[in-house]
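Below is one structure, written out as C-alpha cells; the observations come after it.
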C-alpha cells in the first residue's frame with residue numbers, strides 16, 4: 001500500500017507536506033494538555049486547548065515566551081502561565097535555547113558576533129544555508145519557497161501606526177502619566193508625528209490615520225479597554241516603539257496606514273554590513289539599519305518608565321523651556337485648530353431623547369419641525385450631557401474630484417440647556433437624578449448652563465412631590481448652583497426660546513475668532529465667560545461628548561466627590577473645597593488619625609473655605625462627614 005502511494009505521488013509529482021510550525025514545543029505541550037483533558041472528561045477545557053492549538057498553527061512567527069502567546073486567539077492568562085512554567089522547566093532540564101543565527105550570512109561573517117539579538121531578530125530560514133549541500137557533502141532536498149515567509153511588523157516612518165506607538169510610548173515615560181491615553185488625547189498628541197490626519201480622510205477615501213489602531217490592537221501592541229476607550233501600550237509595543245525612537249527616519253519604509261500596515265518591510269544589517277531581509281518586501285532596495293548597534297529594551301513591569309536616554313531626550317526636545325521664568329511650557333498649549341469669522345455657522349444640537357418616544361403627533365415628534373419652521377439649523381445627535389447645546393461648525397466646500405466633502409470640525413459653545421417638565425422634575429428629585437444631572441452639567445466644562453423648566457398643566461395634584469418643594473428646587477438651582485433658569489408655559493414657548501437663543505448666539509459669535517483646545521488646556525481659564533473678547537477658547541465636540549459619558553470609568557477623586565454630594569446641604573462648591581484639600585478618602589482618614597479627640601475630628605472640616613464668598617463649611621457638615629467615614633455605629 002505504501003509503495004503504491006509512493007508510486008502515485010511520484011507519478012503525479014506530489015510531495016509530502018512538511019510541517020513548518022515555528023513553535024513546535026508549544027504545539028506539543030498544548031496537544032498533551034488537550035489529550036489529558038479529554039481523558040479526564042473535561043470537555044470544555046479540551047475544546048479550549050483545541051482552539052488554542054488551531055490559533056497557534058496559524059501564527060507564522062516564533063514565540064519567545066508564554067506571555068507572548070497572549071496575542072493569539074483563545075489563549076488567556078492561564079494558558080500563558082502554563083506555557084511559561086513548562087518552558088522554565090524545559091530550560092532547567094535541557095539548558096537555554098541557542099541564539100538565533102542568520103545562516104544566509106557569508107562564512108567570513110558568521111562568527112559569534114553574527115548572532116542577532118533583540119525583538120527585531122530574524123529566525124533562520126527553513127532551508128539552512130544558501131548552498132545546496134549539507135555539512136556531509138550530500139545534496140539537501142529542495143523545499144518550496146513559501147509565499148509569505150517570516151515577516152516582522154515595523155510601521156513606516158510618520159505613518160499612523162508609527163505615530164500612535166511612539167506617542168503612547170512617550171506618554172508611558174512621563175512620570176505624571178496615568179498609564180493610558182484617551183482617544184481624543186492620543187489623536188492630538190500623535191498628529192505632529194504623522195503625515196496623515198487622524199480625523200479627516202483623504203480625498204476619495206474613507207480611511208484616516210486612526211484606522212490603523214485596530215491593527216495595533218490585533219497585533220498585541222496596544223490594549224483597548226473601558227468605555228470611553230482607554231489605550232495602553234503593551235511590553236511588546238514598548239520594545240518596538242523603543243526601536244523606532246532610536247532608528248528615527250533611517251531605513252524604515254512601509255505602506256500607507258490605510259492598508260493596516262500588513263505588508264510593511266524593512267532591511268536589517270548584521271556585522272560586516274551583511275543584509276538581512278525581513279518583511280514581505282525584502283527584495284527591494286531600501287536603506288539599511290544595523291540592528292546590532294541598537295540597544296535592546298528589557299521592559300520591567302515595576303519600572304516601565306526606565307527607558308533609554310535617547311528616548312528621554314526626544315521627549316524633552318518637544319518641550320520649550322523658558323529659562324527666564326524657570327518654567328516648562330508644553331506644546332499642547334497651542335490650539336488644535338482655529339475658526340476665523342465667516343468660516344463657521346452656529347448649529348443647535350438636539351439630543352435624540354428629545355425627538356424619540358411618545359405617540360404620533362406628540363410634542364417630541366413636533367420639536368425639530370417647529371424649530372426648522374423658525375429657520376433654526378438643527379442636528380439631532382446623542383448628547384451625553386444636556387438636552388440642547390450649540391456648536392460652531394466649520395463651513396467646508398467640496399473640492400473638484402471629491403465624492404464626499406471632508407467632515408467639518410466643530411467647537412462647543414459655552415451654552416447647554418437641560419429641559420425639565422414639572423412632572424419630570426418631580427420624579428428626578430425623588431429618584432436622586434436631580435443632583436447628579438446638575439453636577440454633571442457643572443463638570444461638563446461649559447460655563448453657561450441653562451435650566452429650562454416647562455409647566456405641566458394648571459394643577460399640581462398629580463405630582464409626586466408638593467408644588468412648594470418643586471418651586472424651592474427651581475430657586476435653589478438658580479441661586480445656589482448658579483444656573484440660569486428659564487420658565488416656559490409649554491413646548492411651543494420652549495421652541496420660541498430656543499429659536500431666540502440660536503439667533504442671539506449667531507449674532508454674538510459672528511465676528512469672533514474661535515480656537516479649539518483640549519479639556520486639560522482649558523482647566524485654567526476663568527469660569528466667567530467674557531463676551532467682549534475677540535478670541536474665545538472652546539472645546540471640540542468629539543472630546544466634549546466623549547468625556548461626558550455618564551458611565552465612564554472615573555477616578556477616586558471623582559467618586560469621592562459623588563459620595564459627598566449625597567449629603568444634604570452639600571453643594572458643588574463645598575464638595576470642591578473638601579476634595580481639593582483631601583483628594584481621596586484615604587487622605588481624609590489619615591488627617592482624622594492625626595487629631596487627638598473625637599470632638600476635634602468632628603470640627604476638622606468646619607473651617608474649610610468654599611466658593612467666592614470664602615465662607616466656612618460649618619460644623620454640621622463637618623460632623624456628618626466624620627460620622628460617615630469614621631463611625632462604626634449606626635448613623636443618626
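The values are calculated or read from the model by the stated rules, or taken from the named source; none is laboratory data. Note that the structure is a prediction, hence the values are computed from the model and not measured. Positions of Cβ are backbone-derived with ideal geometry, glycine not excepted, and every protein chain shown enters the neighbour counts.
One table, with the values for the structure above:
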item	result
Per-region count, the stretch 145-177, residues crowded, with 17+ Cβ neighbours inside 10 Å, modelled with pLDDT under 80 and assigned by TED's automatic domain parsing to the domain that holds residue 200	0
Members of the stretch 566-587 that are loosely packed, with under 15 Cβ neighbours inside 10 Å and within 20 Å of residue 476 (Cβ to Cβ)	566, 568, 569
Which listed residue, of 209, 184, 241, 229, is within 23 Å of residue 539 (Cβ to Cβ) and modelled with pLDDT of 85 or more	209
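Each row is one residue, and each column tells you yes or no for (1) touching a strand residue (DSSP E or B) at 6+ places or on another chain (Cβ under 9 Å); (2) surrounded by fewer than 16 Cβ atoms within 10 Å (Cβ to Cβ); (3) at pLDDT 85 or above.
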position	(1), (2), (3)
59	no, no, no
65	no, yes, yes
71	no, no, no
80	no, no, yes
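Conditions tested, residue by residue: (1) modelled with pLDDT of 90 or more; (2) touching a helix residue (DSSP H, G or I) at 6+ places or on another chain (Cβ under 6 Å).
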residue	(1), (2)
538	yes, no
556	no, no
569	no, no
573	no, no
582	yes, yes
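For every residue, the table says whether it meets (1) at pLDDT below 85; (2) surrounded by fewer than 16 Cβ atoms within 10 Å (Cβ to Cβ).
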{"site": "401", "(1), (2)": "yes, yes"}
{"site": "406", "(1), (2)": "yes, no"}
{"site": "415", "(1), (2)": "no, no"}
{"site": "419", "(1), (2)": "no, no"}
{"site": "425", "(1), (2)": "no, no"}
{"site": "446", "(1), (2)": "no, no"}
{"site": "455", "(1), (2)": "yes, yes"}
{"site": "458", "(1), (2)": "yes, yes"}
